[in-house]
Amino acid sequence: PGVGAALECAARWAESRGMDSVTGRTQLIICPGYRFQVVDVLITNFHQPKSTLLLLVAAFLGSEAQVHQAYAAALGNGFRFLSYGDSSVLIPSKFLGSEFNPSEADDSHWRVVRSC
């Protein structure tokens, strides 16, 4: 089952127990080396240097070097950063298929494309 099915299952579980919300805690920090088990695509904006959100992006892309490469491509193409800037959709190349033709940076794990 996918993420949507898991969320629906959790919602039904909570509803069957008369709960309208479920809370919990975690001490998980996602950083390079983390193996994603559920997430195939990451939608996010461009983050501040040295932030924990940037660690998440580095973990998804595979390394800090790939983050620098992606951010350099974004800066070189006029992308705006931070909360009111452009967002990024990070999709592993294995999901894009051969018909996908990136106009910008290309790597075996990600692609940066801007479309208006």
Probe 1.4 Å - accessible area at S51, Å² to nearest ten: 30 Å²
Long-range HN-HN contacts of R80 with modeled amide H, under 5 Å: D86
Segments 34-46, 65-77 sorted - mean Cβ within 10 Å per residue, highest first: 65-77, 34-46
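The values are calculated or read from the model by the stated rules, or taken from the named source; none is laboratory data. These numbers come from a predicted model, not from an experiment. With ideal geometry, Cβ positions are generated from the backbone for all residues, glycine too; neighbour counts draw on all protein chains shown. Heavy atoms of the whole protein, side chains included, go into the accessibility calculation; ligands, DNA and RNA do not. Shrake-Rupley method; radii C 1.70, N 1.55, O 1.52, S 1.80 Å.
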